[in-house]
Number of protein chains: 2
Amino acid sequence: MPLLTFQNPVRFDFGAVKKLPDALKRQGIERPFLVTDSGLRDSGLLERITDMLDTESAATVFDGTPGNPTEEAVIEALQSYEGNDCDGVVCIGGGSPMDLGKAVALMAVSGGPLAQYDPLQGGNKLVKGTAPLIAIPTTAGTGSEASLGFVISMTDGRKLTFANPQFLPKLAICDPELTLGLPQRLTAATGMDAITHCIEAVLASPSNPPADGIGLDGLWRGWRHIRRAAEDGSDRNARWEMMMASTEGALAFVKGLGAVHSMSHAAGRIKELKLHHGTLNAVILPTVLRFNESVCSDPYLRLRQAMGLAPDADLAREIEKLNSDLGLPSGLAEMGLSEDLIKDMVPHAVSDLATMTNPKQVSAEDYAKLYRSAM
Amino acid sequence: MPLLTFQNPVRFDFGAVKKLPDALKRQGIERPFLVTDSGLRDSGLLERITDMLDTESAATVFDGTPGNPTEEAVIEALQSYEGNDCDGVVCIGGGSPMDLGKAVALMAVSGGPLAQYDPLQGGNKLVKGTAPLIAIPTTAGTGSEASLGFVISMTDGRKLTFANPQFLPKLAICDPELTLGLPQRLTAATGMDAITHCIEAVLASPSNPPADGIGLDGLWRGWRHIRRAAEDGSDRNARWEMMMASTEGALAFVKGLGAVHSMSHAAGRIKELKLHHGTLNAVILPTVLRFNESVCSDPYLRLRQAMGLAPDADLAREIEKLNSDLGLPSGLAEMGLSEDLIKDMVPHAVSDLATMTNPKQVSAEDYAKLYRSAM
């Protein structure tokens with residue numbers, strides 16, 4: 001079974017989830033705190049995993065993770081973690097349970113409030129440690145299982161990205177089997193999240209050629225398999241490749257991300273709309289590709305090559321075509337965002353961590369234009 | 001300055017070597033053992049580095065590293081390390097000082113004899129630890145600064161590969177400035193070592209897509225810059241790219257290598273011939289590419305794409321052309337190897353660690369044929 005060792009150990013293959021009981025032992029976790037969401041519980045996937053655990057192991061389940069995890073939900077989960085005297089976190093699900101579980105693991109050891117760890121405010125100095133954390137993705141998109149970051153919608157209305165090598169899960173267990181039942185729409189939207197990670201990471205301004213190579217490989221896999229995975233959810237090969245593209249996206253974005261993510265985060269924090277992060281990325285990506293093009297001619301050539309496109313292909317147009325084939329929305333308006341929200345979102349996009357690594361500088365005016373154009 | 005974090009921390013850029021005094025402090029090394037070779041000392045490069053160290057820091061220099069480091073040299077160096085009460089190793093040079101320094105760091109903490117750590121004999125269980133080690137490459141080829149392996153010619157005639165995550169340098173300092181004075185022939189031969197690592201890693205049998213991506217990126221860089229680096233040693237951009245290709249080669253070969261390396265190791269252990277490892281790889285590579293082709297059609301397409309070649313280009317022929325452009329030998333005979341040595345080399349190639357990961361099974365008969373064809 002492939003064991004990847006580029007950021008954290010990643011056990012990757014069909015059947016990998018059977019390694020969980022052994023992994024808990026190795027991490028010294030006797031009272032695991034399982035973070036998931038109600039969808040995972042209803043689908044029966046959670047039970048398939050808890051059934052593998054020792055009857056003695058006193059697992060506590062938290063299935064109240066909201067779509068874009070909030071600081072309130074983190075605090076509620078932390079109370080349950082502490083109340084049940086848990087000694088480690090197991091995240092089971094897509095990006096939301098992973099992000100929430102990482103926040104709980106951090107606060108359980110380093111204390112609160114969460115906002116103090118904002119890396120843009122020097123918060124990493126305050127990180128004392130984290131509870132051991134094992135991540136088991138059930139979607140192929142976020143890559144959070146191999147990433148040192150997590151994103152939380154704060155009570156004060158900001159959406160903060162936290163990033164620190166200590167936030168890397170001690171072990172990621174990537175079992176494509178767990179994604180076989182994922183519905184078409186979620187397969188498409190999370191798959192576009194992975195593809196966006198690969199593209200934005202390759203374009204991000206820091207110099208990191210190994211990360212570029214991983215991002216291009218992830219794009220190569222994702223581009224070839226996303227349509228098949230979405231059309232036929234039982235295609236095991238396509239599921240394996242999409243999960244790999246997702247993990248590679250996260251390994252690549254150790255470089256940073258860009259304006260697509262700044263804009264998605266700023267929109268995702270509007271709680272009443274409950275917008276899906278991967279879908280936002282898919283819809284915003286073409287607009288940002290057009291914006292960045294003037295400073296990215298060489299990297300765009302490599303992206304096109306990885307996608308098997310002609311050297312002069314219109315990248316933005318190709319993504320729009322893919323979104324349409326996958327049945328994803330054609331713009332932000334279709335997702336329920338209205339123009340009057342732009343002035344609220346722009347400052348959040350400007351101050352987002354991902355803005356710092358976009359290949360082209362982005363001003364508030366630029367963001368306003370980009371939102372309008374993505375409507 | 002780029003900091004790569006895929007296996008060990010790698011400080012990578014012009015001027016990175018100035019980080020050495022700070023790195024010694026961070027690693028708690030007060031009495032460093034500097035492992036290098038006489039060529040490095042004669043070139044003045046060693047002095048440029050020792051001049052940066054505190055006058056108080058009691059550095060011990062070992063410049064007796066032979067071309068293919070031997071167990072005898074390791075023991076001699078270890079005696080000096082212990083006699084001078086050193087507390088950490090700094091390797092400065094190409095692959096040979098790195099391999100020798102890694103062996104010293106291992107034996108200083110885990111004890112001898114070295115042969116007990118042979119990974120094919122379960123030797124990794126005996127590794128108790130290593131002295132802190134910092135690696136500063138002065139060639140762009142071996143990538144040993146980012147690799148968990150090292151290779152030693154043993155007193156009993158074997159050439160053993162040792163591999164363990166604990167053998168990764170605590171820090172690699174990759175400063176392309178240090179390669180500006182490298183002569184044409186050594187630039188070419190070490191550069192071909194890097195290119196061979198990238199190619200053999202991509203073809204190696206284990207599944208590890210991020211490593212494939214890194215290897216393809218390294219090949220993309222190496223193929224585009226090796227001629228320029230060899231023709232004009234002062235081309236800073238070409239030097240940067242070749243050093244990156246070298247580091248990426250090592251990150252990629254965490255997957256394993258293949259028959260080129262098995263054959264090179266078996267030839268490199270013949271002490272009287274003093275054959276250069278990178279030159280051996282360059283000369284053997286075309287023959288092994290022809291041998292593996294029948295099982296590698298898809299990966300060969302990706303290699304050709306990374307090299308900017310036509311989809312039906314003859315990979316082996318392209319490498320032969322490159323070797324000839326670089327003034328490297330056209331065969332093993334030209335390097336001084338005669339056919340009567342084949343029966344001595346074959347069993348060593350068969351039992352080499354790299355044989356296990358060659359994409360096509362290689363028998364003793366195959367190796368004999370491959371050696372004859374590479375003559």
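Over all pairs of different C-alpha atoms, the protein assembly as shown has a mean inverse distance whose reciprocal, the Kirkwood radius, equals 26.9 Å. Restricting to chain B, what percent of DSSP beta bridges are antiparallel, rounded to 5? Around 30 percent antiparallel, to the nearest 5. Kindly point out which whole DSSP H helices in chain B project their C-alpha atoms 27 angstrom or further along the helix axis while averaging a Kyte-Doolittle hydropathy of 0.0 or above. Correct list, ordered by number: B:184-203. Grab every C-alpha pair in chain B, bin the distances at 20 angstrom width from 0 up to the longest one, and report whole percents. Result returned by the calculation: 32, 60, 8, 0.
A dipole drawn for the protein assembly as shown from +1 and -1 charges on Cβ atoms has a positive end, and of A:Gly336, A:Ser80, A:His276 the residue lying farthest that way is A:Gly336. Over the Cα atoms of segment B:1-68, each weighted equally, I'd like the Debye log10 I(q)/I(0) at q = 0.15, 0.20 Å⁻¹, rounded to two decimals. Cα-only, vacuum Debye calculation for segment B:1-68: -0.59, -0.99.
With label points defined 7 Å past Cα in the direction of Cβ, position B:Arg41 shows copy-to-copy spacings of 7.1 nm, given to one decimal and shortest first. Ascending distances from the B:Gln116 label point to its copies in the other chains, with the point 7 Å along the Cα-to-beta-carbon line: 4.8 nm. If R0 is taken as 60 Å, the Cβ-Cβ distance between B:Glu76 and A:Glu339 corresponds to a FRET efficiency of 0.20. For segment B:64-202, taking the reciprocal of the average inverse distance between every pair of different Cα atoms yields a Kirkwood hydrodynamic radius of 15.3 Å.
For the protein assembly as shown, with only Lys/Arg (+1) and Asp/Glu (-1) charged at the beta-carbon, what is the dipole magnitude about the Cα centre, in debye rounded to 20?
About 340 debye.
Mean residue ellipticity, 222 nm, helices only, chain B: the sum of -39500 (n - 2.57) across DSSP H runs of n ≥ 4, divided by residue count and rounded to 500, is -14500 deg cm²/dmol. What the Cα atoms of segment B:127-269 give is an Rg and a Dmax of 14.9, 46 Å. For the protein assembly as shown, the residue among B:His265, B:Gly123, B:Pro183 whose Cα projects farthest onto the positive side of the dipole built from Cβ charges is B:Pro183.
For a straight C-alpha distance cut-off of 28 angstrom, the lysines reachable from B:Lys360 (same-chain residues fewer than eight places away being disregarded) are B:Lys159, B:Lys255, B:Lys321, B:Lys343, B:Lys369. The Cα atoms of segment A:37-142 cover 41, 31, 20 Å along the three principal axes, with the biggest extent listed first.
Judged by the mean number of other Cβ atoms found within 10 Å, the most tightly packed of the peptides A:220-230, B:229-239 leads the ranking A:220-230, B:229-239.
Mean sequence separation of contacting Cα pairs (under 8 Å, at least six apart), scaled by the length of segment B:3-178, corresponds to a relative contact order of 28 percent. Under 17 Å from a label point set 7 Å out along the Cα-to-Cβ vector of A:Thr5, the amide N atoms of segment B:1-26 belong to B:5-10.
Across segment B:1-134, how many lysine pairs, 8 or more positions apart or on different chains, have C-alpha atoms separated by under 27 Å? Please give the number. Mind dumping the intermediate values first?
Working: B:Lys18/B:Lys102; B:Lys19/B:Lys102; B:Lys25/B:Lys102; B:Lys25/B:Lys128; B:Lys102/B:Lys125; B:Lys102/B:Lys128.
Close lysine pairs under the 27 Å cut-off: 6.
Of B:Leu171, B:Leu126, B:Leu280, the residue with the greatest mean-square motion in the GNM of chain B, using alpha carbon springs below 10 Å, is B:Leu126.
Magnitude of the charge dipole for segment A:153-311, about its Cα centre and with charges confined to Cβ atoms of Lys, Arg (+1) and Asp, Glu (-1), is about 260 debye. Projecting 7 Å from Cα along the Cα-to-Cβ direction, the label point of A:Gln166 sits 2.6 nm from its equivalents in the other copies, listed shortest first. The simple Förster model, with R0 at 35 Å and r as the Cβ-Cβ distance, assigns B:Arg224 and B:Arg290 a FRET efficiency of 0.90. With R₀ fixed at 22 Å, the C-beta to C-beta distance from B:Arg372 to B:Ser351 puts the FRET efficiency at about 0.65.
Just need the relative contact order of chain B here, percent rounded to a whole number, with Cα pairs under 8 Å and 6+ apart.
15
Across peptide A:201-212, the mean count of Cβ atoms from other chains lying within 10 Å of each residue's own Cβ comes to 5. Computed as a quarter of the hull surface, the mean projected area of the alpha carbon convex hull for segment A:183-374 stands at 9.7 nm². What you get for segment A:264-314, charging only the Cβ of Lys and Arg (+1) and of Asp and Glu (-1), is a dipole of about 300 debye around the Cα centre.
Laboratory data are not the source of any read-out in this text; all were calculated from the coordinates shown. Model, not experiment: these values are computed from the prediction. Because the Cβ atoms are built from the backbone with ideal geometry, glycine has one as well, and the counts that use them run over all protein chains shown.
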